[in-house]
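What follows is a single structure, written as structure tokens, with notes after it.
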Ligand SMILES: [Zn+2]
Ligand SMILES: [Zn+2]
């Protein structure tokens with residue numbers, strides 16, 4: 001049994017406001033395929049907020065629980081089936097996957113058929129509140145990293161010992177577990193962007209910045225960074241953005257118009273991380289033929305994408321009536 005502090009999420013208010021508090025917790029020993037990790041840093045992602053702001057019952061979610069899914073820390077003990085990790089090893093924590101379904105067996109653990117259950121819901125067997133003895137939801141994304149100590153699923157562990165230059169650097173690894181790897185994977189694995197591509201990145205959080213840096217590393221021809229936060233836009237310039245679009249600018253109308261003012265034929269790749277419905281649709285309209293859009297940002301529940309398919313299929317053609325038919 002280990003004592004620690006954690007951010008405990010309890011049933012949210014009716015207006016979807018999160019109900020978080022710092023509490024004393026008790027942590028059991030790791031199970032056979034689990035690892036006890038002392039967390040040194042955790043990123044925070046919009047998914048932590050979303051999945052602690054919806055009422056219990058939605059998506060099978062229960063409260064109270066410990067969220068957090070961008071942890072980095074030091075291994076303190078391991079379960080009996082864990083043989084390649086030792087106490088003292090520095091580790092980065094990422095999402096859970098079952099390691100046995102057809103997606104996992106096809107080397108696509110991010111599409112694990114148990115992803116929603118294993119990551120959004122987790123389990124209730126490792127952590128309890130010290131004051132109330134309430135069992136707390138744990139194993140959120142296999143890790144529940146908003147705690148000083150936590151039990152982590154083996155599949156969530158990434159060993160980083162060889163990558164670290166010094167102990168302090170481990171803190172910087174935490175956003176790699178979700179945000180940065182998502183943005184990087186969108187550029188490198190999904191779109192395979194390269195030197196011929198004009199990439200537009202909508203939203204400059206960890207996902208967008210990860211996409212931006214990867215597009216720069218892969219020598220993409222141009223990179224348009226889009227946000228409403230001037231500090232983020234300035235940072236994007238230093239990280240390799242060739243153009244920036246500030247959606248709060250008084251001259252800004254729509255994203256497709258702004259993008260086509262720079263590149264009249266449109267862009268080849270859009271990475272959408274905002275989840276804002278109007279930006280999703282304008283991003284799609286910004287692409288030229290053979291263009292790609294990767295949807296990452298989560299829109300409001302119930303939103304349906306509206307696409308004028310005929311217009312989109314003919315996006316590179318100017319459809320004009322013959323002169324004698326024009327009035
Ligand atoms: Zn996340
Ligand atoms: Zn799986």
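Laid out as a table, the results:
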| read-out | value |
| --- | --- |
| Protection proxy ranking of 91-98, 211-218 - average other beta-carbon atoms within 10 Å, highest first | 91-98, 211-218 |
| Most to least packed among 99-109, 221-231 [average Cβ atoms within 10 Å] | 221-231, 99-109 |
| Overall dimensions of the stretch 179-313 by Cα: Rg and Dmax, Å | 13.5, 39 |
| Tilt relative to the chain, helix 277-286 - C-alpha long axis, 0 to 90 degrees, to 10 | 50 |
| Virtual paramagnetic centre 7 Å along Cα→Cβ of residue 290, amide N under 16 Å, in the stretch 257-273 | 265-270 |
| Mean separation of Cα contacts under 8 Å (6+ apart) over length of the stretch 124-192, as relative contact order % | 16 |
| Label point distance in nm, residue 87-residue 32, each placed 7 Å from Cα along Cα→Cβ | 2.2 |
| Cα→Cβ-extended label distance, 7 Å offset, between residue 161 and residue 234, nm | 4.2 |
| Taking the stretch 179-313 and dividing mean pair separation by its residue count, relative contact order in percent (alpha carbons under 8 Å, at least six apart) | 22 |
| Whole-angstrom Cα spans of the chain along principal axes, big to small | 84, 46, 41 |
| The stretch 1-127: radius of gyration over Cα atoms, expressed as a fraction of 2.2 N^0.38 Å | 1.12 |
| Sum of -39500 (n - 2.57) over DSSP H runs of 4+, divided by residues of the chain (222 nm, nearest 500) | -5000 deg cm²/dmol |
| Per-peptide average of other Cβ atoms within 10 Å, ordering 67-75, 277-285 highest first | 67-75, 277-285 |
| Rounded Å value of the spacing that divides the Cα centres of the stretch 65-109 and the stretch 115-189 | 8 |
| Most fluctuating residue given options 57, 142, 88, as computed from a GNM of the chain linking Cα atoms under 10 Å | 57 |
| Segment residue 261-residue 133, extension gain: residue separation times 0.36 nm, minus the distance between their alpha carbons | 40.1 nm |
| Rounded to 5, the percent of DSSP beta bridges in the chain classed as antiparallel | 65 |
| With Cα atoms, 0 to 90° folded angle of helix 206-217 axis to the chain main axis | 60 |
| Inter-site label distance for residue 248 and residue 221 at 7 Å from Cα along Cβ, in nm | 3.3 |
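Read-outs: derived from the displayed coordinates by stated rules, not from any lab. Just so we're clear, the structure is a prediction, and the values are computed from it rather than from any experiment. For neighbour counting, all protein chains shown are included, and Cβ atoms are generated from backbone atoms with ideal geometry for every residue, glycine included.
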